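First up is the structure itself, then whatever we jot down about it.
The values are calculated or read from the model by the stated rules, or taken from the named source; none is laboratory data. Given the structure is predicted, the values throughout are model-derived calculations rather than measurements. Here the Cβ positions follow ideal geometry from the backbone for every residue, glycine too, while neighbour counts run over all protein chains shown.
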RNA sequence: GGUCCUGUAGCUCAACUGGAUAGAGCAGCGGCCUUCUAAGCCGCAGGUUGUGGGUUCGAGCCCCGCCGGGAUCACCA
């Protein structure tokens, strides 16, 4: 594996150790090894030491036992590397003890670097486009969309922190059979109901008509089946469905009335979405609409047809044959000439590469569409786009409820707006009971309740490995204690409180007045801090906000132990007091920056 | 059936990509507020990592076979 060390603090010692070990093996055992292959890791807490070299791989070269080999390497390192004071050997592990002064330097550099952990983008930095959210305009956002939005936003932030340029994009699925269903139902039974007349949020209103359509459709199917029609025939011939297909054709033919209704209902939905997005704290740099891109896709499909990449069947439908790739045949245009999902995605992709010099395209889409993206990638490749096979589908798992999958038909869908509202209520109640915000006015208080509620929700969702299916229990998942967002926010607020008090007392803390020796807990904290840049990098490589979340939790847990073990402001030795304040401020900054990568804000008090 | 994902404490999740005695939180039990924010800290208890083989110095992680859960293979999106 190829590793690039961008953090100079860490690069020095870890790379130094690797290089020296490689030299040692060369000198002691007359064998050439690559320094990058030397296995090093931070020493586990239960052993003495800071860095550990795994010596097992060298046994074949040394032709000696693990203890003796480790001993020899240890003696070599101690002679060559100033920072290494001593070592011990446990089985095949060589534990190196680094001087406190080294770690104090690490802390000093972190403290004096406001950007610690992230890399600012260079002029020639690669451009990532991250597509996420991508709602349909026939229903409001639910818990599943929340996971998508939070992951997409966070991944974009993490990629930025890794020195990349990022364009966040949203492809709004504003056309197609689904929106026609809502339109048909609204025409049928809407009686001109509008968000204004009903007081309902636009996306919720349209969603209600989508449900009404489904109810009506089901009824018609049942009636037809009762008359002896087969299920398939009933589904195709139900009057509502016939009307919907007609409307889709009219829409694609630019029928003014249909287009006007479509525009009207979509506008309601967008207003509703804007509110939800604002509450979630996500945003986009560029929004695409399927209604603008599907024709481009259709043209591409027709071009492919002309070039013999695709085939037309007798009924007029257009297909791509992927059996050579181990997949099936896939439809690209219906027999009536209208577009399907895939058609649109082809057009959107082409347009985006025209609009931006994209180096990496990331699709944040659920794992239920793994097959779709595999196919999309191959099709774009067949159409001659060099970037086709480089698309990255960031595939994440579904969110399930205690009773299983969310089913809109069974009314078990957790609505995004309701969920956020509910969490703010809990945050308000908890906060009022604790009464720590009494000196704030109502606006400030509400802002903090919102921060805490969203911190809880976002952290809960982002801390789990994106690719795994996760469970959300509306009753139990709203917890503010333990491994939660509010716990981390709380620690941040607690540190701010200490720093405020220090400032009020006229205490100065600077990194040029630190002690020569560290307490074990202080050392642990510095080590934890020193990992932050690596975690950011790893989160970028693995597209995993969960790594950031888990890191923040570990750091905060470590800090709270430190906080209970030592006094800060009442420490009599100036250098020690200074160290603890520097440590506290650095931890707070890492917490804030880490949480921002998750889209979570930290309040100054809570 | 084909392809892909997944299985770790009662529950929800970790485990630095093959390293040392598998860790947290919740739930349960017991301690700690006259001291910088108790949304906190400390302790107890909780495991044959679904299962059987294999690879090697070493496997929760890699390979093969079973068992369980899920997704997908539409003129849906």
Margin query: I'd like to verify a number: residues in segment A:346-357 that are buried (at least 21 other Cβ atoms within 10 Å of the Cβ) and either in contact with a strand residue (DSSP E or B) (Cβ under 7 Å, 6 or more places away or on another chain) or in a loop (DSSP other than H, G, I, E, B) (or both), how many?
Written below: 1
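Within segment A:311-320, which residues are touching a helix residue (DSSP H, G or I) at 6+ places or on another chain (Cβ under 7 Å) and free of Cβ contacts under 8 Å to residues at least 60 places away in the same chain? Please lay out each step first, then the result.
Quick first cut of segment A:311-320, residues touching a helix residue (DSSP H, G or I) at 6+ places or on another chain (Cβ under 7 Å) only: A:312, A:318, A:320.
Correct list: A:312, A:318.
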Item checked: Search result, residues across segment A:56-68 that are under 29 Å from residue A:520 (Cβ atoms) and either at pLDDT 95 or above or near RNA strand B (Cβ under 8 Å from one of its atoms) (or both) -> A:56, A:66
Checklist line | Condition check for residue A:260: out of contact with any strand residue (DSSP E or B) (no Cβ under 7 Å at 6 or more places or on another chain) and either modelled with pLDDT under 95 or not in a helix (DSSP H, G or I) (or both) | finding: no
Next item on the list: Go through segment A:556-587 and give me each residue that's within 30 Å of the chain's Cα centre (by Cα), more than 11 Å from RNA strand B (Cβ to nearest atom) and crowded, with 22+ Cβ neighbours inside 10 Å.
Entry: A:583, A:586, A:587
Note to self: Any residue at all in segment A:427-448 that's buried (at least 20 other Cβ atoms within 10 Å of the Cβ) and more than 15 Å from RNA strand B (Cβ to nearest atom)?
What the structure shows: no
Notebook entry, point to check: Just checking, how many residues over segment A:109-134 are over 30 Å from residue A:274 (Cα atoms) and part of a strand (DSSP E or B)?
Noted result: 1
Margin query: Suppose we filter A:480, A:460 for residues that are in a helix (DSSP H, G or I) and surrounded by 17 or more Cβ atoms within 10 Å (Cβ to Cβ); which single one remains?
Written below: A:460
Next item on the list: Check whether at least one residue in segment A:407-414 is in contact with a strand residue (DSSP E or B) (Cβ under 8 Å, 6 or more places away or on another chain), assigned to a strand (DSSP E or B), under 27 Å from residue A:370 (Cβ atoms) and touching a residue at least 24 places away in the same chain (Cβ under 8 Å), and report yes or no.
Entry: no
Item checked: Hits in segment A:244-260 (condition: in contact with a helix residue (DSSP H, G or I) (Cβ under 9 Å, 6 or more places away or on another chain) and either at positive phi or in contact (Cβ under 8 Å) with a residue 12 or more places away in the chain (or both)) -> A:244, A:245, A:247, A:248, A:251, A:252, A:258
Item checked: Residue check, residue A:343 near RNA strand B (Cβ under 10 Å from one of its atoms), assigned to a helix (DSSP H, G or I), touching a residue at least 40 places away in the same chain (Cβ under 8 Å) and surrounded by 20 or more Cβ atoms within 10 Å (Cβ to Cβ) -> yes
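I'd like the residue in segment A:541-553 that is more than 8 Å from RNA strand B (Cβ to nearest atom) and either part of a helix (DSSP H, G or I) or assigned by TED's automatic domain parsing to the domain that holds residue A:360 (or both) and, out of all such residues, is nearest to residue A:456 (Cα to Cα).
Once the filter is applied, the top-ranked residue is A:549.
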Note to self: Of all residues being near RNA strand B (Cβ under 10 Å from one of its atoms) and free of Cβ contacts under 8 Å to residues at least 40 places away in the same chain in segment A:36-50, which is nearest to residue A:25 (Cα to Cα)? Just the residue, please.
What the structure shows: A:39
Notebook entry, point to check: Which one is nearest to residue A:127 (Cα to Cα), of the residues in segment A:288-337 that are away from RNA strand B (no atom under 15 Å from the Cβ) and exposed (fewer than 14 other Cβ atoms within 10 Å of the Cβ)?
Noted result: A:303
Notebook entry, point to check: Conditions: (1) within 16 Å of RNA strand B (Cβ to nearest atom); (2) surrounded by fewer than 21 Cβ atoms within 10 Å (Cβ to Cβ); (3) under 23 Å from residue A:13 (Cβ atoms). Residue A:98 meets all but one. Number of the miss?
Noted result: (2)
